[in-house]
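Asks: Encoded as structure tokens, here's the structure I'll be asking about.
The values are calculated or read from the model by the stated rules, or taken from the named source; none is laboratory data. Source: prediction; values computed, not measured. Because the Cβ atoms are built from the backbone with ideal geometry, glycine has one as well, and the counts that use them run over all protein chains shown.
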Amino acid sequence: MTTQAFIHDEPASRVIFGCGSRQQVATELDALGARRALVLTTPDQVALGESIAALLGERSAGVYPGAVMHVPLEAARKALDVARECGVDACVAVGGGSTIGLAKAIALESSLPIIALPTTYAGSEMTPLYGITSDGQKQTGRDWKVAPRTVIYDPELSVSLPLAISVSSGMNAIAHAAEGLYAHNASPVHRLMAEEGIRALAKALPALQRDPGDLEARGNALYGAWLCGAVLGRVQMGLHHKLCHVLGGSFNLPHAELHTVMLPHALAYNAEAAPQALQALARALGTDDGIAGLIELGQRLGAPRSLQQIGMPAHGLERAADLAVAAPYPNPRALERTPLRALLQRAFDGVDPR
Ligand code: NAD
């Protein structure tokens with residue numbers, strides 16, 4: 001129950017979930033009113049792309065395996081040219097955030113609808129967020145026309161995802177939902193989705209570590225990825241995402257590992273200002289203390305614990321603190337340089353954030 005006012009704005013999106021659900025891709029293309037689609041994927045996932053093209057039969061205009069990390073502008077332009085030359089009226093993106101990112105870059109220029117079949121836990125398929133890189137800079141934006149119209153979650157497609165990427169994209173998804181728990185524009189339903197998404201991934205990731213072929217755990221992880229991605233797409237992120245953006249962009253630190261190191265520290269900073277979010281996190285992790293639960297989960301999964309470990313230079317901490325307070329953004333606790341500098345030091349040393 002809540003007495004607080006809220007807005008719950010749910011843009012139209014269709015989600016098909018279940019083992020074998022990829023078989024429905026042709027029917028779903030018809031349901032969109034589209035006739036022919038270009039299948040997008042990475043060079044590593046060509047065989048999978050071809051199997052989806054086979055399911056589309058005559059509705060497939062072929063497989064374009066041109067997706068690469070961070071959607072370089074050149075790659076986006078080339079893919080758009082191919083889509084135009086083929087005369088397609090939809091794209092089918094089969095893969096992770098990089099492939100879905102390429103489909104979004106095409107949609108941004110052409111408004112072609114996307115059917116996504118995600119094979120990682122990054123969650124891009126549920127968001128209106130896009131990023132295109134040129135001259136080493138990633139330009140990001142938000143536009144609902146790039147959000148996939150239909151998402152087909154088939155756990156069988158994620159079984160081949162290497163354990164290390166499963167863990168890093170899963171922890172990254174947990175970070176989106178954790179900040180969603182205290183986002184100023186989250187509705188009670190968004191908070192339920194965030195809590196359930198964290199619960200599903202926190203259960204699935206240790207099970208995948210024991211057996212990456214465990215189909216039930218793959219299903220739980222994908223279910224969690226759906227919910228966490230939906231939260232990311234619908235509410236505004238706070239301190240944690242700002243710190244990761246600043247640290248990742250300025251010091252070129254590995255994205256997913258950075259999220260895993262920083263999350264307990266950012267949540268500890270906000271803990272007193274967002275007690276209900278911390279309670280929800282603890283419930284999701286099945287513990288009394290959400291921050292301790294997160295640290296324990298990271299340790300069980302062999303994730304790094306300090307900024308130092310992932311290549312952050314000590315001399316960059318002052319600049320990172322300056323950047324973190326430079327532009328205002330919504331966060332439950334006011335952003336003050338002195339405590340933020342102390343937070344960064346604790347994260348650098350890998351000490352307990354509490
Ligand atoms: P990815 O798409 O870059 O894939 C990583 C590698 O794993 C690729 O080589 C891919 O071919 C391979 N792979 C993917 N699924 C596989 C599977 N099931 N089996 C075997 N190999 C597989 O990785 P990602 O983590 O999904 O995406 C990261 C990118 O997505 C980043 O650029 C990030 O910024 C972006 N992202 C965007 C949003 C958004 O809302 N726009 C959200 C999250 C992430």
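Asks: When you look at LEU112, is it in a loop (DSSP other than H, G, I, E, B) and either touching a Phe, Trp or Tyr at 6+ places or on another chain (Cβ under 9 Å) or more than 16 Å from the ligand (Cβ to nearest atom) (or both), yes or no?
Replies: On the way: in a loop (DSSP other than H, G, I, E, B): yes; either touching a Phe, Trp or Tyr at 6+ places or on another chain (Cβ under 9 Å) or more than 16 Å from the ligand (Cβ to nearest atom) (or both): yes.
Taking the combined requirement at face value, the residue satisfies it.
Asks: So which residues in the stretch 221-248 are over 14 Å from SER169 (Cα atoms), within 16 Å of the ligand (Cβ to nearest atom) and not aliphatic (A, V, I, L, M)?
Replies: Scanning the stretch 221-248 gives GLY233, ARG234, GLN236, HIS240, HIS241, LYS242, CYS244, HIS245, GLY248.
Asks: Considering the stretch 120-145 alone, what residues qualify as being aliphatic (A, V, I, L, M) and surrounded by fewer than 24 Cβ atoms within 10 Å (Cβ to Cβ)? If you could, list the steps in order and put the result at the bottom.
Replies: Of the residues in the stretch 120-145, the ones aliphatic (A, V, I, L, M) are 122, 126, 129, 132.
LEU129, ILE132, listed by residue number.
Asks: Can you say whether PRO118 is within 13 Å of the ligand (Cβ to nearest atom) and in contact (Cβ under 8 Å) with a residue 60 or more places away in the chain, as far as the supplied structure shows? Can you show your working first?
Replies: Numbers: within 13 Å of the ligand (Cβ to nearest atom): yes; in contact (Cβ under 8 Å) with a residue 60 or more places away in the chain: yes.
Yes; evaluated as a whole, the condition is true for this residue.
Asks: Shifting gears a bit: If the Cβ limit is 7 Å and pairs must be 6+ apart or interchain, which residue in the stretch 95-111 that is more than 15 Å from VAL39 (Cα to Cα) and of a type in the set (A, V, I, L, M) pairs with which residue that is within 9 Å of the ligand (Cβ to nearest atom) and part of a helix (DSSP H, G or I)?
Replies: Close Cβ pairs satisfying both conditions: LEU108/VAL146.
Asks: Has the stretch 311-328 got any residue that is at pLDDT 95 or above and among the β-branched types (Val, Ile, Thr)?
Replies: Within the stretch 311-328, not a single residue is at pLDDT 95 or above and among the β-branched types (Val, Ile, Thr).
Asks: So which of SER98, SER60, SER111 is among the polar types (S, T, N, Q) and at positive phi?
Replies: Result of the check over SER98, SER60, SER111: SER111.
Asks: Conditions first: (1) surrounded by fewer than 15 Cβ atoms within 10 Å (Cβ to Cβ); (2) in contact with a Leu (Cβ under 8 Å, 6 or more places away or on another chain). ALA26 passes all but one, so which condition is the exception?
Replies: (1)
Asks: Of everything in the stretch 122-135, what is in a loop (DSSP other than H, G, I, E, B) and near the ligand (Cβ under 7 Å from one of its atoms)? Give them in sequence order. Break it down stepwise before answering.
Replies: Let us first name the residues in the stretch 122-135 that are in a loop (DSSP other than H, G, I, E, B), namely 122-123, 127-128, 135.
ALA122, GLY123, THR127 - these are the residues of the stretch 122-135 that are in a loop (DSSP other than H, G, I, E, B) and near the ligand (Cβ under 7 Å from one of its atoms).
Asks: Let me ask something additional. Inside the stretch 163-218, can you point out the residues that are free of Cβ contacts under 8 Å to residues at least 12 places away in the same chain, farther than 21 Å from GLY238 by Cβ, outside any loop (DSSP other than H, G, I, E, B) and away from the ligand (no atom under 15 Å from the Cβ)?
Replies: Of all residues in the stretch 163-218, those free of Cβ contacts under 8 Å to residues at least 12 places away in the same chain come to 164, 192, 210-211, 214, 216.
This time we only want the ones that are farther than 21 Å from GLY238 by Cβ, so: 164, 210-211, 214, 216.
After this cut, where a residue has to be outside any loop (DSSP other than H, G, I, E, B) as well, the list is 164, 210, 216.
ARG210, GLU216 - these are the residues of the stretch 163-218 that are free of Cβ contacts under 8 Å to residues at least 12 places away in the same chain, farther than 21 Å from GLY238 by Cβ, outside any loop (DSSP other than H, G, I, E, B) and away from the ligand (no atom under 15 Å from the Cβ).
Asks: Of all residues in the stretch 56-87 being over 26 Å from ASP135 (Cβ atoms) and buried (at least 17 other Cβ atoms within 10 Å of the Cβ), which is nearest to the ligand (Cβ to nearest atom)?
Replies: Looking at residues that are over 26 Å from ASP135 (Cβ atoms) and buried (at least 17 other Cβ atoms within 10 Å of the Cβ), I get VAL63.
Asks: Okay, next question. Can you name the residue in the stretch 308-334 that is in contact (Cβ under 8 Å) with a residue 40 or more places away in the chain and in contact with a Leu (Cβ under 7 Å, 6 or more places away or on another chain) and, of all such residues, is nearest to TYR182 (Cα to Cα)? Break it down stepwise before answering.
Replies: Initially, the stretch 308-334 is screened for residues in contact (Cβ under 8 Å) with a residue 40 or more places away in the chain, giving 308-313, 316, 319-320, 323-324, 329-333.
Among the residues that remain, those that are also in contact with a Leu (Cβ under 7 Å, 6 or more places away or on another chain) are: 310-312, 320, 324, 331.
Working: ILE310: 27, GLY311: 30, MET312: 28, ALA320: 23, ALA324: 19, ASN331: 8 Å.
Looking at the filtered set, the residue picked out is ASN331.
Asks: Among the residues of the stretch 29-52 satisfying the criterion of being assigned to a loop (DSSP other than H, G, I, E, B) and within 16 Å of the ligand (Cβ to nearest atom), which is farthest from ARG149 (Cα to Cα)? Walk me through it before giving the result.
Replies: The first filter runs over the stretch 29-52 and keeps only residues assigned to a loop (DSSP other than H, G, I, E, B), leaving 32-36, 41-42.
Filter again for within 16 Å of the ligand (Cβ to nearest atom), leaving 41-42.
On the way: THR41: 18, THR42: 21 Å.
Among them, the one singled out is THR42.
Asks: Let me ask you something else. Count, please, the residues in the stretch 142-162 that happen to be away from the ligand (no atom under 11 Å from the Cβ) and either assigned to a strand (DSSP E or B) or in contact with an Asp or Glu (Cβ under 8 Å, 6 or more places away or on another chain) (or both).
Replies: Number of matching residues: 4.
Asks: With (1) over 30 Å from SER187 (Cα atoms); (2) of a type in the set (A, V, I, L, M); (3) assigned to a helix (DSSP H, G or I); (4) within 13 Å of the ligand (Cβ to nearest atom) as the list, and VAL94 as the residue in question, which single condition is left unmet?
Replies: Of (1) over 30 Å from SER187 (Cα atoms); (2) of a type in the set (A, V, I, L, M); (3) assigned to a helix (DSSP H, G or I); (4) within 13 Å of the ligand (Cβ to nearest atom), only one is false for VAL94: (3).
Asks: Which residues, counting only those in the stretch 97-109, are buried (at least 24 other Cβ atoms within 10 Å of the Cβ), among the small types (Gly, Ala, Ser) and near the ligand (Cβ under 7 Å from one of its atoms)?
Replies: Matches in the stretch 97-109: GLY97, GLY101.
Asks: Looking at the stretch 1-28, I want the residues that are within 15 Å of PRO148 (Cα to Cα) and have a partner that is modelled with pLDDT under 85 and aliphatic (A, V, I, L, M) with Cβ atoms under 6 Å, at least 6 apart or on another chain. Which pairs are those?
Replies: Correct list of pairs: empty, since none qualify.
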